[in-house]
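The values are calculated or read from the model by the stated rules, or taken from the named source; none is laboratory data. Source: prediction; values computed, not measured. For neighbour counting, all protein chains shown are included, and Cβ atoms are generated from backbone atoms with ideal geometry for every residue, glycine included. Keep in mind that these areas ignore ligands, DNA and RNA; they rest on the heavy atoms of the full protein, side chains included. Shrake-Rupley method; radii C 1.70, N 1.55, O 1.52, S 1.80 Å.
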Amino acid sequence: MTVVEMKTYTPEPETEQAEVSSAEEVVTTSTLEGEPYEDRMKPIEDLMRSLVHRFFLPGLTFLLCIGIWVAIQTSVAPDLPGPVETWEKAKEIFAEPFYVYGPNDMGIGWQVLYSIGRVLAGFALATIVGVPVGFMIGLSDTFSKAWTPLIKILRPVSPLAWLPIGLLIFKAVNPSAIFVIFITSIWPVIINTAAGVRTIPEDYMNVASVLKLGRLDVARKILLPATLPHILTGMQLSLSTAWMVIVAAEMLTGGIGIGFYIWDEWNNLSVTSIIVAILVIGCVGILLEACMGLVQRRFSYGNK
């Protein structure tokens with residue numbers, strides 16, 4: 001009788017499978033550890049990107065302009081004041097910006113305030129008149145056909161061409177300057193308001209007819225809310241135009257204002273003061289535009 005020996009088979013350890021599982025755990029752990037690190041670095045990267053866009057790139061542009069300025073002074077126009085000389089003059093001007101030595105001798109602070117006052121007066125008149133006219137042009141084809149040719153003729157006219165008319169009518173500098181601001185800044189308000197009215201869905205007006213709303217209620221409850229973004233865009237363009245126009249108008253009319261200040265400094269052969277005034281005009285323009293931008297964001301439907 002033959003005895004058969006039975007051997008028990010013991011499987012060898014699955015070393016390869018264990019190695020694969022270990023590698024997967026390492027990869028998973030590395031991935032999990034990497035995500036929080038990336039999340040922590042993202043705000044820093046966003047901050048660095050914001051600093052580059054807000055300060056570094058504009059700083060390079062300003063340095064380039066200053067370099068061109070210095071190159072022009074040294075090679076083309078030696079009489080042109082340089083950046084250092086202009087900076088020293090600016091410190092002198094802003095040391096006492098609100099002095100008053102006479103009716104035609106005031107600091108640059110008063111000059112800017114008088115100019116802003118004229119701009120805001122003409123701008124307010126342009127808005128008060130331009131918005132209703134824009135409503136009528138947008139609502140009535142007859143009114144649009146009657147007024148569109150006149151607007152196309154008057155809108156391209158240079159602002160300074162209106163100054164003699166203003167002086168002839170008002171016989172005074174201040175109202176003449178306000179008139180010039182009004183007549184040149186009204187067109188963006190009219191055109192944008194009319195464009196906004198034309199974009200109103202016809203269903204809105206049908207609902208107003210069904211409810212038998214009066215003209216005042218239609219304007220207050222439908223036209224004004226629906227066209228407000230267009231009106232604000234026209235007002236922003238109008239204000240920018242007004243601030244550009246006032247400088248040229250004041251240079252010709254005299255009296256007081258930032259435009260007159262530039263012309264007076266030219267007569268005094270103080271080019272450094274003129275350069276400082278130009279920079280002030282640019283900064284005030286930025287502030288006015290920023291104020292209108294705040295108003296637009298305040299009344300924008302998307303930000304409510």
Open item on the list: Going by what's in this entry, would residue 182 be described as open to solvent by 80 Å² or more (accessible area, probe 1.4 Å) and not hydroxyl-bearing (Ser, Thr, Tyr)?
Closed with: no
Open item on the list: One residue is enough: does segment 202-223 have a residue meeting the conditions open to solvent by 50 Å² or more (accessible area, probe 1.4 Å), under 30 Å from residue 97 (Cβ atoms) and out of contact with any helix residue (DSSP H, G or I) (no Cβ under 6 Å at 6 or more places or on another chain)?
Closed with: no
- [ ] Output the qualifying pairs, or none if there are none: Cβ atoms under 6 angstrom, residues six or more apart or on different chains, first residue in segment 243-260 and without any contact (Cβ under 8 Å) to a residue 12 or more places away in the chain and among the β-branched types (Val, Ile, Thr), second residue open to solvent by 20 Å² or more (accessible area, probe 1.4 Å) and outside any helix (DSSP H, G or I).
- [x] none
Task: Pairs, first without any contact (Cβ under 8 Å) to a residue 24 or more places away in the chain in segment 92-106, second surrounded by 10 or more Cβ atoms within 10 Å (Cβ to Cβ) and of a type in the set (Val, Ile, Thr), C-beta under 7 Å, six or more apart - done: 97/108
- [ ] Check every one of the helices (runs of 4 or more DSSP H) wholly within segment 221-304 and list those with 2 or more residues that are under 26 Å from residue 190 (Cβ atoms) and in contact with a Pro (Cβ under 9 Å, 6 or more places away or on another chain).
- [x] 224-253, 271-299
Open item on the list: Condition (residue is closer than 30 Å to residue 186 by Cα, at pLDDT below 95 and over 20 Å from the mean Cα position of the chain (by Cα)) applied to segment 52-63: is it met by at least one residue?
Closed with: no
TODO: State which residue is surrounded by the fewest Cβ atoms within 10 Å (Cβ to Cβ) when the search covers only segment 149-179 and only residues that are within 20 Å of residue 233 (Cα to Cα) and not basic (Lys, Arg).
DONE: 156
TODO: Give the residue that is modelled with the highest pLDDT, with candidates limited to residues of segment 270-302 that are over 17 Å from residue 245 (Cα atoms) and open to solvent by 100 Å² or more (accessible area, probe 1.4 Å).
DONE: 294
- [ ] Restricting attention to helices (runs of 4 or more DSSP H) lying wholly within segment 36-143, give those where 1 or more residues are open to solvent by less than 30 Å² (accessible area, probe 1.4 Å) and closer than 24 Å to residue 244 by Cβ.
- [x] 83-95, 108-139
